[in-house]
Each structure stands twice: as C-alpha cells, then as structure tokens.
Amino acid sequence: MINLPNNDLYDLNEALKVENLTLDDYEEICKRLKRKPNRTELGMFGVMWSEHCCYRNSKPLLSKFPTKGKNVLVGPGENAGVIDVGNNQKLVFKIESHNHPSAIEPFQGAATGVGGILRDIFTMGARPIAVLNSLRFGNLDKPSNVDLLRGVVSGISHYGNCVGVPTVGGEIDFDDSYSGNPLVNVMAIGLLETNEIVCSGAKNVGSPVLYVGNTTGRDGVGGASFASSELTTNSLDDRPAVQVGDPFIEKSLIEACLDAFKTGDVIAAQDMGAAGLTCSSAEMAANGNLGISINLDLVPSREDNMSPYQYLLSESQERMLLVVKEEKINDLIAKFNKWGLYANVIGEVIEANEVIISHKSKIVAQIPTSALSDDTPVNLHNVIENPPEELLKKWEWQENNLPIINEQTIFSLKENKSFSYSQIILKILSNPSIASKRWIYKQYDSQVQSNTVFKPGESDAAVIRLREQIEINKNKNKVFSGVAASVDCNSRWVSLDPFRGTIAAVAESARNVSCVGAEPLAITNNLNFSSPENEIGYWQLSSSCKGISEACKALETPVTGGNVSLYNESKNKDNEITPINPTPVIGMIGKLDNVEKAISSEWKNINDQIWLIGSYKSEITIAASSYLEYFHGEITGRPPKIDLMDEKFCQSFLRNAILNGFVVSSHDISDGGLAIALAECCILSSKGATIELEKQLTRDDNLLFAEGGSRIIFSIDKMKEKEWLNYFKTNQISAESSVYLKKIGYVSNETLNIKTQQKEICNIRVEELTEKFNNSISGHF
C-alpha cells in the first residue's frame, strides 16, 4: 500500500490493472508529477493515456496522412474536420466507433455512439444534417449475432429518429471474426450555422468555465479505458462502463448550443465524450496553452455521494463544457435553462498550465495539462519487413485451383455439388453481406429535415441537399448545392492484403460518391484493428495507413480526422484470442454544385443503353472475391491492384457525363462483380437488362464475378443517344489509354439476360432476383 499526501490508499498493482496502465506508465507519471499520484489522478491518467484518447500506438502512423487541401479548413486535432463546399457553406464531418460498448450492451452502446458523434459536430457550430453507419457482425446463423444486430439497429434508430437527424446510408458486413466483437462506426455530417468555427482551445485567463446539458452520474465510468482493451468472457461485468443516452436532451442541447454559439459569447467548446470531464477540461486547457480550475461541488449530479474519481471519469451523456465571456454568463445560462438544461459555472481558465480539481474545499488532483493531453506516451512497435507466411501462401492462389466448368455448370467446393450460373447469381445475392439491408434501414428515419435526395439503398452514395433550416419553406425555386457521402471497406480484401485492400476502400468510397455525380473532396476514417502488441496486428495497421496515404494523395482527398479503435478481439474461456478482420472504414465526402443533377443506381427507361467504363491497368480477378468465399467457401488469393490514376480518370469522365445530362443511372462494380452489379440495378428498377459481353477471359465465372478493374456500369438516356455519341467522340479516350469504355447492352423488360457471342450464360426473371435479394436478412427475424 502507498501513503499519498492526501492519505489516499490503494493497491498499486490492482489500480494499474483497473486503469489499463503499466508499471512503466506509473513511473513516468511519478516523474511528470514529481511525486506519486493519488487514486483520482491515476484514474485521470488511465483514461487520457488510453489508446482511445491519445492514440499511443497509432500516432506515429497517423502523422503521415495527407491532411491539407484546397477545401480543408480544419484538419485532425479538433472535434471534427471542416471543409469548404462553396456558396459560403462549410461542412463539418467525422466518424467514430462504439465497438466495445455495443458488444456488451448493444442498444445503449449504439445509441450513445450516435449521440457522441453528433456532439462532435454541433460542438463546432454546425447543425447535424445526416448520419451514416458502418456495421460488422458475426454470421447470422448464431442467435447471439442476431440479437446483437437487432439491439444495435434499434439503438441507432432510437437515438437518430428521436433527435431528428436522418440516417441516410451506410454499409454492413457479416463474418465470423466479428462474432465476439461487433463493429459500430457512426459518421455524422453537419452544416455550419455560425459565422466562425467554434474550436476547443480555452482563452482569456479568468473566463468562466460553464457546464451545460445533462447531469453527471456513475454511468460510463472508465469507458475510455474499457474501449482500449480486448473483450473477454468477463466483459459483461463492465456494463457500468456503457453510457446511457437521452436523445431528447441531446436535441435540446443542439438547439441551445447553436443558439449560444451564434451570439459570439462562447469562446471555446468541448463535448464530454470519452473520459468525460477529465478529457474535456484537459484538452481545452492544452489546446489554449492555458490551465483550468474546476470545483466538482458545482457539477450537477444525479446521484449522491459521488467521489472525485467518479465525477471526473463519468461518461454520462449529453454534456458539454464551454469557456464563455464573463459579462455574458447570465444571458447564456438563461438560454440553456430555457431548453430545460443545466448550466452551471464550475470553474475558470487559469494562467498556470495545469488542470486543478477541487472537491469539498480540498484539491484532489493537480496535473500539468501537457502530461494529460499533449505530451502523452507513444508506444513504438517494429513493423515486420515481409507479409506473414500465411498470407504469402494465399497470394499464390490461382484460378486453375477451381473446378473446371462443365456444360454451363460449376462445382461448388463449399457445397460439393454443381450449380448453373443463374443459381450462383441467386445464391450470392441472398448472402446477407450482399443482400438488401432494407430490414435495417427501414427502421431509420431517412427523411427528417426534408433534405434527403435518395432513400437508403437507391444510390451508391447518400445525397443531402444543403439547405439551412430557415430556407426549408422559402426559395422553393432556388438551385441548391448538395453533399454526397459514402462509408466503405471490403474487410476481406484488407485481411488478405492490408495495403491493397485499404487503397481499394478509399477508391471505392470515392467511386460511390462519383457515381451520384459528386466530386470527392476529403475523407474521415475509422481504423478498426486488433491488438497492436501482436506483430501481425501492427503490420496490418501500418500497411493500411500506408494505403490510405497513397490513395488519398492520388485522389486528392485529404484526411480531416477520424478515430482509431484497437484491441478489437475476443478471448474465450480457454484464453484463445480471435482478432477481427482489419477494418479501416473510409467515410468520403463529395460535393454537387446542383443537387438536382444527382443520379441514382436503378435503370430509368426501357431501351436505355448500358455502358461499362474501367481500366486495363487495374487488375480484375476472382481471387479474394465474394464469389470465391460465398460459393466456394474459400477466403484466399491476393486482392486486385488498383491503378489510382486510371481510377481517378474513370470517375472524372463519369461525373462530367452525368453533369452533361447523358448518364441517368450509374453503379460501381464491387462485391460480387459485374453480374451482381447488373442484378442490383434490375432489382432497384424492376426492369431487366440484356447484356452481351466479349469473352476475353478463359472462364465464364471470371467474366461474371471477378472484382476490381475500377469499373462502373451506367445507362444513357435513350432520347440522348445521338448527343451522347457526339460527346463520346469529342471526349474520346485515346487509343493509347488504358481506360476503356464499352456499350454492353440495354435496359429491357422482365429478365436479366447475359450472353457472350458464343452462348447464353444466364436468364433470370427480375422477380426472382428481387425475392432472393430482399428476403435474406429479414428471414433471420
């Protein structure tokens, strides 16, 4: 036992275990404080030095991201990134994870994930206008995964629907690696409503520190440390580390904060998210190069006899910390009280670079701000020089490992029997990772605020009209600009090649934004990985970060911020660890000068021409494909290499054709290859397609199901065929170019018919496609 200056006694080893700190960390803390920390201070260091708060394992990798660009106004370091989208409008956006809380309390874990990311947005002075989510679960043949899915979707829909922010898009994937550790990543977008961006750095010594919002309780204590450790069979004991949210208080907090920010009387703002009052006070002080003094007796609490430790580490939701002008304090308190919110002055900005906490007339913590927030520890790891041997063996996989095609049928290595191509298409369409997510998104309110252009599932990217609240019932004839957003990651590809797979995630997110006619501008990312202390886990993270840097530089889409979630792995009773597939989720933002020109994915008119654009330099292969996994049961091969210059050209060519009014629908070719992309367009439109392909490949399954190639299918308005051909000739791709453009068919009535010059490959009624596609996930409920 250790006797501290305030007579605080604790068992050191037990305390370090609780706070997820090492003995080296403890010695460093003693060195910085020039004394031993008391138990409260140790808790503060525990949360602030966690991976969740200080990125101690990933910071060296993140520092190499390209973060500057012509549209970037605020990059990494603030609550969210900010970009200029023209027309004197600024967009605020970010993605965050709530993985571990959702694993043990799916409803509240997901709900408070939505609430937390929304606060990051309106803390900057922006009104939240849209939410997207990226979700991962174990396969639905396990009842526990079905329960997790149900709980998470209910939590997202409850919070988003009640707070009045539309959930407009997202992605979801199922794989056994996520069975013990689901992923819940939420991206939020906001439109700046204040004249100035509200930042977090405290200013002006003597300025009051104002606590606003909900009361503080014991819920969520230690949540940041909990989020920075692996999940075990005992994790249910950590349910108190999961926060409990109230979306109606959040709605009041949004309105009250935006009202207060517009006055110019708020100097700085920080939401109390991970690490609660500890993190918000330390970051405000550090970002302003000043200090903060806080009296815990003045903090509104919902429970009696709370200790300083509990006050400081509570992650109770819907709370904010503001630094305000002293002469305006009464006016601001009145504004928050009007919305039924607490508003208490709990401290002040001080000159000394310290966070000083008092409770019951005694100082209970006194820590240099840099020690908590700026000068945090960095764990250095060696990156293995070569990919793991297991992956190198998988990269050797060749197509000739598959069974020979026999009379239009192929033998499934997974099911030990033969299927026709029509049967294979239906089988892949019904896989939950590819099938319609309608059961999920129909629970979300996607239309609230009346600015959602396409409903979820109708387009490759969500499209939002950029219209301020005061304009909703005015200027009905005004041309509005728009924003497109997409979240993407093919985690199978990343698991088989983190570098190539992550490049593909950035490319696909940009491609999806381009497919609606928007120009990709910038990204936010959520890096979901396993333990960095495992050499393969850290190699995956390092390789993925390199992939993000390379792709973002080539596509000119800088990184504005994001989140790192490590230790995503589960440990069973036998101490066997199962890491998740590495999942670097990319949230891409693009802009449309005229939102009315945005297009969706479904065919529009019978006899519209169907075209294909792609790159010869970007590889096309059935290695690492959905077909290989879902039909043959093999996750192997090396994902295709993408030529980023060709990728950029294909997207630019398509956008220009859309803006010129020729292209009326477009859809990127991704999971499942060309056949699945065509089927999805048929399903969305209830129209068929007649397709004739050049057989340049030796296998028909490669022709149908290969992935990669920077490819997009699009349809041309049949009334503009002559103008399109003239445009095509004028803007023709040179013979030397590695980009190709081909007419492959036309929109028809009732069937998807695919053939080559030699034979018919498949002929499926759209009704049959639709039935398989729409009823897969809902069948589990």
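So here's what we get for this one:
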read-out: All-pairs Cα distance distribution in the chain, expressed in whole percent, bin size 10 Å; value: 3, 14, 24, 25, 18, 10, 5, 1, 0
read-out: Set 90/546; 70/648; 34/362; 251/338; 591/648; 427/648 screened for pairs whose C-alpha atoms are more than 22 Å apart; value: 90/546; 427/648
read-out: Using alpha-carbon coordinates, inclination of helix 673-685 to the longest axis of the chain, degrees; value: 80
read-out: Relative contact order of the chain, pairs being alpha-carbon contacts under 8 Å that are 6 or more residues apart, as %; value: 14
read-out: Angle between the chain longest axis and helix 247-262 axis [Cα atoms, degrees, rounded to 10]; value: 80
read-out: Relative contact order of segment 480-570, pairs being alpha-carbon contacts under 8 Å that are 6 or more residues apart, as %; value: 34
read-out: Highest-first arrangement of 197-209, 35-47, where packing means the average Cβ count within 10 Å; value: 35-47, 197-209
read-out: Accessible area per residue in Å² at 1.4 Å probe, computed on the chain; value: 37
read-out: Net dipole in debye of the chain [+1 Lys, Arg Cβ; -1 Asp, Glu Cβ; about Cα centre; nearest 20]; value: 1740
read-out: Protection proxy ranking of 356-364, 211-219, 272-280 - average other beta-carbon atoms within 10 Å, highest first; value: 272-280, 211-219, 356-364
read-out: Counted charge near residue 487, where neighbours are those whose Cβ lies closer than 11 Å (Asp, Glu -1; Lys, Arg +1); value: -3
read-out: Protein accessible area in the chain, 1.4 Å probe - carbon and sulfur %; value: 45
read-out: Segment 237-363: C-alpha gyration tensor shape, a/c 1.5 cut-off, then a/b vs b/c; value: oblate
read-out: Additional length obtainable on full extension of the chain from residue 438 to residue 415, 0.36 nm per residue less Cα span; value: 5.5 nm
read-out: Radius 15 Å from Cβ of residue 686, net charge of other residues (Lys, Arg +1; Asp, Glu -1); value: -3
read-out: For peptides 737-747, 492-502, sequence by mean Cβ density within 10 Å, most packed first; value: 492-502, 737-747
read-out: Rg(Cα) / (2.2 N^0.38 Å) computed for segment 83-152, rounded to two decimals; value: 1.40
read-out: Cleavage-rule hits, GluC sites (Glu not before Pro), segment 362-400, DSSP coil, Cβ neighbours within 10 Å at most 16; value: 385, 396
read-out: Formal net charge of residues neighbouring residue 611 (Cβ-Cβ distance under 9 Å; K, R +1; D, E -1); value: +2
read-out: Cα centroid separation - segment 487-549 against segment 389-461, whole Å; value: 20
read-out: Candidate residues 603, 339, 397: accessible-area rank, largest first, probe 1.4 Å; value: 339, 397, 603
read-out: Translational diffusion coefficient (Stokes-Einstein; Kirkwood radius from C-alpha pairs) of segment 362-497 at 4 °C, 1.567 mPa s, in µm²/s; value: 58
read-out: Value at 222 nm in deg cm²/dmol, rounded to 500, when DSSP H runs of n ≥ 4 in the chain each add -39,500 (n - 2.57); value: -9500 deg cm²/dmol
read-out: Where Rh is the Kirkwood radius over Cα pairs, Rg/Rh for segment 127-224; value: 1.10
read-out: Between segment 97-173 and segment 301-374, the Cα center-to-center distance that results, in Å; value: 28
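The values are calculated or read from the model by the stated rules, or taken from the named source; none is laboratory data. These numbers come from a predicted model, not from an experiment. Glycine gets a Cβ as well: all are built from the backbone with ideal geometry, and neighbour counts include every protein chain shown. For the accessible areas, the whole protein counts, side chains as well, though only heavy atoms, and no ligand, DNA or RNA atoms are used. Shrake-Rupley method; radii C 1.70, N 1.55, O 1.52, S 1.80 Å.
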